[in-house]
Every structure is written in C-alpha cells, then in structure tokens.
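Each remark here refers to the structure printed beneath this line.
Just so you know, all these numbers are worked out from the coordinates, no wet-lab data involved. No experiment lies behind these values; they were computed from the predicted model shown. Note that each Cβ is placed from the backbone with ideal geometry, even for glycine, and that neighbours are counted across all protein chains shown.
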Amino acid sequence: MKILVGVKRVVDFNVRIQVKADGSGVTTDGVKMSMNPFDEIAVEEALRIKEAGNAEEVIVVTIGPKAAQEQLRTALAMGADRAIHVETDDEIQPLTAARILQALAEKEAPKLVLLGKQAIDDDNNQTAQMLGALSHWPQATFASEVEIEGDKATVIREVDAGLETLSVDLPAVISADLRLNEPRYVKLPDIMKAKRKPLETVTVEELGVEHVAAVKVLKTAAPAKREAGIIVESVDELVAALKEKGLI
Amino acid sequence: MERESMEFDVVIVGAGPAGLSAACKLMQLAQETEQELMVCVIEKGSEVGAHILSGAVLEPTAMNELFPDWKEKGAPLNVPVKGDDVYYLTGEEKGIKTPNFLVPKPMHNEGNYVVSMGNVCRWLAEQAEGMGVEIFPGFTASKIVYNDDGSVKGVLTGDMGVAEDGSKKDSYMPGMELLAKQTIFAEGCRGHLGKQLMESFNLNKDADPQHYGLGIKEVWTIDPEKHQEGLVVHTAGWPLDNHTEGGGFLYHMENNQVSLGFIIALNYTNPHLSLFDEMQRWKLNPKISQFLEGGERVSYGARAVNKGGMQSVPKLSFPGGLLVGCDAGFLNGAKIKGNHTAMKTGMLAAETIIESIKAGDIANKELSLMGDKYKSSWVFYELHKTRNFGPALHKFGTLMGGSFAWLDQNIFGGKMPFTWHNTTPDHATLKPAVDCTAPNYPKPDGKITFDKLSSVFLSSTNHEEDQPCHLQLADSSIPINQNLPLYDEPAQRYCPAGVYEVVKDEQGNDKFQINGQNCVHCKTCDIKDPAQNITWVTPEGGGGPNYGNM
Ligand SMILES: Cc1cc2nc3c(=O)[nH]c(=O)nc-3n(C[C@H](O)[C@H](O)[C@H](O)COP(=O)(O)OP(=O)(O)OC[C@H]3O[C@@H](n4cnc5c(N)ncnc54)[C@H](O)[C@@H]3O)c2cc1C
Ligand code: SF4
C-alpha cells in the first residue's frame, strides 16, 4: 500500500515570534523555517509502517512556496520515496489544503493519509478532519499509537479523559500527536541521496481545486506583557496594595 | 568502534564567510580547470547563518574578487554606508563627536556596506550549492581524524541521541567520518578543533598569544522617523575606564532596523566587570538611546572576536589541512573587521589547493603555499599596517593609545619601523577580586536595558536537554575552591548568556551550576577562565542559537 504524508513549512519552533509592526501577521523574513514538528512525527510513523513491511511507498506532499521544497528534501532524507510539491504563494487555509490533499489522494490512491494534528503556525487543527469528511474516509485524530493489520488500522488516541482505542477501515486519515514517536535524525549520506529522489511539482489549478479563503485574519497582536510585580515588606502593605487595586 | 565514513576531496568545517568563500572559490577554479571536485561544508548551526553574528560593515573587496557580478546575482549588500560618526563618550549623559580628521583612518567606511552577515552567508551558501557543494547544516565536527603518520585525515561528526549520562537513547545515531585529501578549518574565532590543531602541530610557536574581545549585539526595529539607512556610529570611552579596551557600534540597516553592539577586550583586569551589564548601560547614553527610544528589541546574541592581529597569526598549513578566517585570527583589530579577510583567506586556501593539485598529489600533504599566498596578499599588507594598533591601546590605555593609533595610521600610514608585542594571554590578566571595586550597574528599565534571561530568550537558543554538558571542566573543584575566593568566579559575569551560576546546595554550600542549554557559542569561557579549566566542546548538532539576520 501507499501512504501519503502532508508536511508544512512553518517558522521553526525555537524562533521567538515577532509580530509585524502593522499587525498584518508575523515576521518571516530572515527567520528560520522548518518542517512542522507534528508532520515530522507523521513522516516518521509512515516510515516505520513501511519498514515493518506494511507499506510499499511513502509519498510526501507539501503545499506552499518554492522554498517549501527544503522540507520535502528533509522528508526524503528521512526516508520517504518521492515528493509532490503543490506550488503556491497564496496563504492556504485548512479547507483548501484538505481539498488539495483530497485531489491528490484520488490521483495516488493511498491506503492511508498521515498528517500532523495541527501546524504550529496557525494551530488550526482542521485539515485532517476536513479531509476525512470530504473523502468520506474514517478518521482517527491525535494518534499516539498506530498499528496496521491488513485492511484495518488500530489507533490509540489521546483524548481529554485518557486514551481511546479505535479501529478504522483503510483507507483512512490519521493525524499524529506528539507522543506517537520520536523522529529519527537524518544521516549525511541520506541527505545527499535525497537530492536525487523524485520531486514533482503541480499547481493548485492543475489539481482542479478552487482556492477558498473562508476566514479573514483581521489583526495579529503579541500577547500582553506581564507587568512586573512588587515586593511588599509586611502584611499591612500587602493589604493596602490589594485594596488600592480594588481586589479586596 | 568501526565508523561509517564518506570521502571527499575537500571537507570544510564551518559555513561562515571563510568556509563558504573557500567552497565557492574551489568550485569556480575546478570549473575553470575542468576538474571534478567533491567538496562538503559542515555547519553546527541548525541552518547556515544560525550561528553567524557580526556587525556588520562589510568591506566588499573580497566579494568583488569572488563574485564580480554579485550585484546582478542579488547578494544582500543593499545598504551603502552613507554617514560615519565617531563619538568619544565621557559619561552616561555626554559624548563628544570626534571631528573626521581625528578619526584613525582604518575606521573610515566609505565604499562599505551595512549588512547582515548571516544573510550574506545564506546567499554564499546558495551560490556554493548551485556549483555542486554539499552543505550539511546541523552537523558538528566534533573531533579531528588523524592518519597513522599524524597527518589530518578528516573530521568526525558528533554523535546524536546521547543522553546526559552518556548512554545511548533510542534515537542514537553515531557520528560519521568525513575524510578528505585536505580539510579546511573555518570555525571562526576560538575554533574548538583549531585550538587542538594549534597544539598538535605547534602552529603558534612563532606567534604572540591570540587576544580576544567579546561582542554582545542586539538588533532593534526603531521608529522610522529616527532611522537613517546607511548611518554608521562608533563610540569609544564610557562606560569603560581608560584601562579597559572596547567600544560600541550602531549601524542603520534596512527595514527600519539597527544593529548595535559593544565589544570589550578580554584582557580586562577587574573580575567584577560584567560584560553584559556594560553593554546594557552603554545604550543609556543619549548618543545611542536617541535611536532606540520607542523602538523594539528583536534579537540578541554574542560572539568572541580575535584581535591579536598580525603578531598572533599562526602557521596556516599542516599535513592534511589549512586554517582560514578567524579560526586562524585574520580579523583586523583596528577596524574590528574580519569578514573580508575571512573571505579572502578562504579564497587563498582554495587557490592553494587547486594549484597544488596541478603540481601533484595533495592527499594529506602539507601545503605551505598557503603561507606564501597570505604573505603576498592584501590581507597581510592590511594587518601589517595596523599591527601596532592593538598593542598601543594595550600599552598606553585607550586615550593615549588612541592618539598613537591616530598618528600611526593617519600620518605614518602604519609604516612606523617597529612592531609592538603583547605577550600576556587574556586569561592571565585578572586581578584579585579584593583589590578591585565592583561597578554599580543600574537595574534594567525594560525599555532600553534588559536582564540577561530575557535577552538570551531573543537569541532563540535551544539545545536538546538530555545530552552531555558541552562545557567541560578539567577539574570540577576549581570554580568553587579557586576561582570563587580569588576572583569571585568571573564566569558569572563574563558569560553573556547566564550559563554559569554560583548557587547554594541543600547543605548551604556554594555550588557551581552550568546551564548549558543557554549557551550562545560565543567561546568566552574557553578563553577567559583564569585557570583555563573550561573547554567548550561541540554539543549535539543543530543546538545553539538560531540567529536570523545577525
Ligand atoms: C559583535 C561583532 C561585530 C563585528 N563587526 C564586524 C564588522 O562590522 N565588519 C567585519 O568585517 N567584521 C566584523 N566582525 C568580525 C567578523 O564577524 C568575523 O571576522 C567573521 O565572522 C569571521 O568569519 P569566519 O568565517 O572565520 O568565522 P565565523 O563567522 O565565526 O563562522 C564560523 C562558522 O563555523 C561554524 N563552526 C564552528 N565550529 C564548528 C564545528 N566544530 N563544527 C561545525 N561547524 C562549526 C560556526 O557555527 C559558524 O557558522 C564582528 C564580529 C563581532 C562578534
Ligand atoms: S557558556 Fe561560554 S561559550 Fe557559552 S555563552 Fe557562556 S561564555 Fe559563551
């Protein structure tokens, strides 16, 4: 079987985010970009499924600007077999992303689509669910364990109340949570090999997907700064300070 | 243990201006002479540029030679220097503008560009990759691999996935040997392998000890009204006393940003001096704060520079490899500029290798041609001219020494018929703490000045937490038993990232704590520890700061 894995180029998790002065978004100029960490986990899981003999091919796909090919190369260096780059400079919202993935799934006919549970830039947590709904496939989100057996996948999900175990028929959509696995380090020779692995580029139009921007970002702002505290000398001072603030 | 290995013609350690220029020049020359050449560059930062911190006013000399068409190719040299102010600060409130004719010549900046060297390196890396160089960011060169005859065979990349106690984690991946006919070491100032090479091959036997400074830098986005693209400001004097060398810079970059920093020579004597706090309070002088008020600080970082100049340049070749850039110490201390000399010496190494290939086999040979090339290049000419600048400041203090520098540089063009030497290494200059007074630093105001931790936060530094500490103590008792009583353990105050702390343990005894995750790889501890007890080694690849446009 084939596995299709979605990866997104996002601002690296170590970078301290700066909001643009005009509030139109966050600065990405000269900022380190990486593969969304949850997607990295999804790639790792796909590779482990393949290495266990339960899949033949791992295809990674990204939707984004030309530079996003870097993230595809990283996934190829980790061990994915080939890559598809859906090239666009537009901002892609979850519904469009899900439609693009649906179009690719129809073309490639994978038995499993693995995605990160959310991207750390917009924290939407919607694409996997929307893809499941659009393609009428079962979905198992927030996976912390995945077991493939024949035409079924057993997935342990991390839910608020604890762990939930699902069995889904393939083809299915699974989204990866943090504890699913620890992604491998890439090896130097594999980075060199990755440069020669196939990477195909398509456009959103070629896939026949219409771009929708259902949500409009009105404003981006940094969280309010915490005010410095004061140190009081005595209980009386504390009471006085609280009174002054109208708290007691 | 049997290690996997990969073979190249040339392995380059460090994707800074020196290493990347060497890579580009190698490929250009290989193309010209129609040779196949396998070249790789390894870089400990998570990406090229992540560990690059410079001013920077770039002299485009080397760039013009390497890529005469750099403009058409889109090199990020976008801001020509338009104004050049030098102030002598006399106190927190005051500063005198030094008339242009009194400024030592090496400090003039017409024809230069205000750049982010991180971005210049990213661009150089693109050019190199375009010509077929393999660049591997996120991998450290942790050890030197030697042949049985003692020549350098290549380097070993660091193991990944080792736990703090040395055990192997599930993700363990052993390092690999990268073998080469010639290895170019371009680690920048106080290279961790460069230091070992100096010892193994006694490379600095005819040189003075290297001298260093620590540069602490910030980038701010400022009020567009106050921004003057291309304006370059330097300061001398306050807050340092006449016995402590150093100075500040503030460069107006693109996009309403300014890059500002303060460099202090590491031969300072007062162990109470806090390099971080000096930098912070320097910003309070109106000559600097006038630009910052109402602005926002966006990044922070620190890096050592070597300023020994010509007298400290070691031998550059040894069997199997070459030293280039600040790993050798080519910074021009009078100008505090080392990017152009780093680039040029990288290019000289490339020429050396290609010309030696023509003459025969180069595998693991010593290419002494490198030394000759340096001696007949403009790098040598430049360093020779300014050779007395640093020692003069050292000998006479910054005021008198500065006057000498002016005479030497502006009237005699650096041609005075003698050379001064400064032979005390920087780790040996501290006076006992009891004999010195502790400066009284103002509390951070949260607007212009900040505390250390919130600063380090802006360097986006990260190290995998569960790994062996990369700051190694030869003798773990020295900090508390020797450095604390004698010097009030100066590591607490020279480290710009708050890595070293003296805390109380449960019994109430003093304990030396190392917060290695905060380390911004500046190398100051390796240089300044009075007992030379701290060794900086490479952490797991990709760890360290994640600088954007530093
Ligand atoms: C605050 C400050 C201001 C400065 N201002 C100016 C200026 O205005 N103009 C100017 O021309 N110069 C300036 N300089 C000096 C200039 O930045 C240096 O001379 C220059 O960076 C040296 O280049 P390099 O390639 O030799 O080393 P670096 O730039 O230090 O690059 C070395 C690279 O090697 C990597 N590396 C090191 N060790 C290893 C290892 N073991 N394994 C893998 N990778 C490794 C590092 O991560 C780094 O990326 C300034 C320096 C400072 C600190
Ligand atoms: S630990 Fe050493 S190298 Fe790291 S930031 Fe502090 S002084 Fe610099």
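Structure data summary
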quantity: Long-range Cα-Cα pairs in the stretch A:2-221 (distance over 24 Å), rounded percent; calculated: 40 percent
quantity: Shielding by partners, peptide A:7-14 (average Cβ within 10 angstrom, other chains); calculated: 3
quantity: Whole-Hz couplings from phi, Karplus 6.51/-1.76/1.60, listed for the stretch B:322-335; x for Gly and Pro; calculated: 9, 10, 9, x, 6, 4, 8, x, 8, 5, 8, x, 5, 9
quantity: Order of B:GLU506, A:GLU45 - criterion: other Cβ atoms within 10 Å of each residue's Cβ, fewest first; calculated: B:GLU506, A:GLU45
quantity: Whole-number D in µm² s⁻¹ for the protein assembly as shown, Kirkwood Cα-pair radius fed into Stokes-Einstein, 37 °C, 0.692 mPa s; calculated: 116 µm²/s
quantity: Degrees, to the nearest 10: A:37-51 long Cα axis against longest axis of chain A; calculated: 30 degrees
quantity: Among B:347-359, B:312-324, the order from most to least packed when residues are scored by Cβ within 10 Å on average; calculated: B:312-324, B:347-359
quantity: Per-residue mean of C-beta atoms belonging to partner chains within 10 Å, peptide B:46-59; calculated: 1
quantity: Theoretical FRET efficiency, 1/(1+(r/R0)^6), r = Cβ-Cβ of B:THR535 and A:VAL235, R0 51 Å, to 0.05; calculated: 0.50
quantity: In sequence order, calculated HN-Hα J values of the stretch B:229-237 (Karplus, 6.51, -1.76, 1.60; Hz; x Gly/Pro); calculated: 3, x, 7, 10, 10, 10, 10, 10, x
quantity: Within 10 Å of each Cβ in B:156-163, the average number of Cβ atoms from other chains; calculated: 1
quantity: Listed peptides A:190-196, A:33-39, B:491-497 by packing density, highest first (mean Cβ within 10 Å); calculated: B:491-497, A:33-39, A:190-196
quantity: Relative packing of B:210-219, A:149-158, which averages over residues the other C-beta atoms within 10 Å, highest first; calculated: B:210-219, A:149-158
quantity: Relative contact order (%) - criterion: Cα under 8 Å, at least six apart; region: chain B; calculated: 21 percent
quantity: Percentage relative contact order, chain A, counting C-alpha pairs under 8 Å, at least six apart; calculated: 24 percent
quantity: Order of A:VAL232, B:VAL233, A:VAL60, B:VAL520 - criterion: other Cβ atoms within 10 Å of each residue's Cβ, fewest first; calculated: A:VAL232, B:VAL233, B:VAL520, A:VAL60
quantity: In nm, spacing of pseudo-spin labels at B:ASP148 and A:LYS195 (7 Å Cα→C-beta vector); calculated: 3.4 nm
quantity: Over the stretch A:119-247, relative contact order from alpha-carbon pairs under 8 Å, at least 6 apart, %; calculated: 17 percent
quantity: Neighbourhood net charge (13 Å Cβ-Cβ; Lys/Arg +1, Asp/Glu -1) for A:GLY25; calculated: -2
quantity: Cα centroid separation, the stretch B:199-276 to the stretch A:148-217 (Å); calculated: 47 Å
quantity: Degrees between helix A:235-244 axis and first principal axis of chain A (Cα, 0 to 90, nearest 10); calculated: 70 degrees
quantity: Phi to ³J(HN,Hα) by Karplus 6.51 cos²θ - 1.76 cosθ + 1.60 over the stretch B:256-262, Hz, x for Gly, Pro; calculated: 6, 9, 10, 10, 9, x, 9
quantity: Unmatched cysteines, chain B - criterion: no other Cβ of a Cys under 4.7 angstrom; calculated: B:CYS24, B:CYS40, B:CYS121, B:CYS436, B:CYS469, B:CYS495, B:CYS519, B:CYS522, B:CYS525
quantity: Where only alpha carbons of the stretch B:452-536 are counted, the Rg and the Dmax (Å); calculated: 12.7, 35
